[in-house]
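The values are calculated or read from the model by the stated rules, or taken from the named source; none is laboratory data. Predicted model, so just to flag it, every value in this text is computed and none were measured. Cβ: placed from backbone, ideal geometry, glycine included. Neighbour counts: every protein chain shown. Side chains are part of the model used for accessible areas, which takes the heavy atoms of the whole protein and leaves out ligands, DNA and RNA. Shrake-Rupley method; radii C 1.70, N 1.55, O 1.52, S 1.80 Å.
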Amino acid sequence: MAYLLRSLIVLMVFAICLTASVAMGWVTLAFGHIQLALVSFLYTIFAQAFVMFYFIGVARLMNNIYQVLHSENNLHELFDNPPEDLSPYKKKVVKFVQDSDRCKRQTIPWTMLMLVLGSIAFLLGGAHDTGLVSKVVHSGVVYGFMAAMFIGFFRQWYYLKVSHVALRKVKTLFEIPDGQM
């Protein structure tokens, strides 16, 4: 899943860079940057929603496993034959919970900033097209959006790997099938 999400965010960065290149006149296409911006930003919303819910889902899974281990109720959800000593499992799961919470905390704010700045830039683009705001205002917000997107991209890229590795480890530890979350 992390590889799919990485490909989604790479395509997102490519689409936004193509839109900016068309807007600046560096690349000429049959359609303008306004049409391209509409498609690119809708795709950005789509890709960021997937990334955000991946991190939320991984953190939720780790917290659920932590709760099951510490309450010692419903251990049959994790084990076919629950062991007597759960302390080695508890130690490892605490690390997984910390990692997944860190991944979520380090990526979700950038995702939200991207979406907010992108929405404002999109709306200001329409306002500029109708003559309500100057080009400088629209361009400034677009540059802010692109800066947040690049920072968020690299953070997401790194923390997708961290989450993927933690998810693999926890699934191996509890023998959870790959297709199950």
Can you name the residue in the stretch 33-73 that is farther than 16 Å from residue 142 by Cα and among the small types (Gly, Ala, Ser) and is also surrounded by the fewest Cβ atoms within 10 Å (Cβ to Cβ) among such residues? 71
Please enumerate the residues belonging to the stretch 1-28 that are open to solvent by 70 Å² or more (accessible area, probe 1.4 Å), more than 30 Å from residue 168 (Cβ to Cβ) and either in a loop (DSSP other than H, G, I, E, B) or touching a helix residue (DSSP H, G or I) at 6+ places or on another chain (Cβ under 8 Å) (or both). 26, 28
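I'd like the full set of residues that are part of a loop (DSSP other than H, G, I, E, B) and within 32 Å of the chain's Cα centre (by Cα), limited to the stretch 78-107. Working first, answer last.
Filtering the stretch 78-107 down to residues part of a loop (DSSP other than H, G, I, E, B) leaves 78-86.
Across the stretch 78-107, the qualifying residues are 78, 79.
Does residue 139 qualify as being open to solvent by less than 60 Å² (accessible area, probe 1.4 Å) and touching an Asp or Glu at 6+ places or on another chain (Cβ under 9 Å)? Break it down into steps so the answer makes sense when it comes.
Working: open to solvent by less than 60 Å² (accessible area, probe 1.4 Å): yes; touching an Asp or Glu at 6+ places or on another chain (Cβ under 9 Å): no.
So residue 139 does not fit the description; no.
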Considering residues of the stretch 145-167 that are free of Cβ contacts under 8 Å to residues at least 40 places away in the same chain and surrounded by fewer than 17 Cβ atoms within 10 Å (Cβ to Cβ) only, the residue farthest from residue 56 (Cα to Cα): 147
Exactly one condition in (1) open to solvent by 60 Å² or more (accessible area, probe 1.4 Å); (2) in contact with a Phe, Trp or Tyr (Cβ under 6 Å, 6 or more places away or on another chain) is not met by residue 106; state its number. (1)
Any residue in the stretch 69-85 that's more than 18 Å from residue 169 (Cα to Cα) and free of Cβ contacts under 8 Å to residues at least 40 places away in the same chain: show its pairings with residues that are outside any helix (DSSP H, G or I) and open to solvent by 40 Å² or more (accessible area, probe 1.4 Å) at Cβ separation under 6 Å, as long as the two are six or more apart or on different chains. 75/82
